[in-house]
Amino acid sequence: MNVIIDLCVVPIGVGLSVSKYVAVCHEIINKAGLESQLHAYGTNIEGDWDKVFDVVKKCHERIHEMGAPRITTTIKAGTRIDREQTMADKVASVKSKL
């Protein structure tokens with residue numbers, strides 16, 4: 001089953017800037033071959049359910065390895081089985097109505 005998630009991973013106890021942790025997660029996402037879109041407060045990721053959530057786990061593991069004692073993560077997830085729909089499809093649908 002495919003899923004599109006909105007992922008926001010926030011390391012706690014590492015100071016104010018978290019961009020290096022976001023960059024590491026994007027490396028993990030890219031290595032997994034998943035489509036993603038970075039935005040100001042998170043990342044959209046699409047793909048097979050197990051691959052997507054494996055990436056979330058790997059992000060947590062890597063950020064802890066980098067010294068973050070705590071991580072808080074917010075995930076919104078959506079699936080549909082009536083037809084295939086990508087992140088690009090969803091954005092294009094809204095843009096066509098603007």
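Please treat every number below as a calculation from the coordinates, not as lab data. This one's a predicted model, so the numbers in the text were calculated from it and none came from an experiment. In this analysis, Cβ positions are derived from the backbone assuming ideal geometry, glycine residues included, and neighbour counts consider all displayed protein chains.
What the table shows:
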read-out	value
In degrees, nearest ten, helix 49-65 long axis to first principal axis of the chain (Cα)	20
Expected 222 nm ellipticity per residue - DSSP helices of 4 or more, -39500 (n - 2.57), all of the chain, to 500	-12500 deg cm²/dmol
Cα-derived Rg to Rh of the stretch 30-98, Kirkwood definition	1.03
The chain - Cys residues lacking any other Cys C-beta under 4.7 Å	8
Contact order relative to length of the chain, as percent, for alpha carbon pairs under 8 angstrom and 6 or more apart	44
Given charges at beta-carbon only (K, R positive; D, E negative), |dipole| of the stretch 1-63 in Debye	280
Summed side-chain charge close to residue 97 - residues other than residue 97 whose Cβ falls under 15 Å, Lys, Arg +1, Asp, Glu -1	+1
Neighbour net charge for residue 86 - beta-carbon separation under 10 angstrom, K R +1, D E -1	-3
Filter on 76/97; 31/58; 31/51; 58/90; 20/51 - keep pairs with C-alpha separation over 20 Å	76/97; 58/90; 20/51
Protection proxy ranking of 68-78, 44-54 - average other beta-carbon atoms within 10 Å, highest first	44-54, 68-78
Folded to 0 to 90 degrees: helix 19-31 orientation relative to the chain principal axis, Cα	50
Residue order, fewest to most surrounding Cβ atoms within 10 angstrom, among 57, 97	97, 57
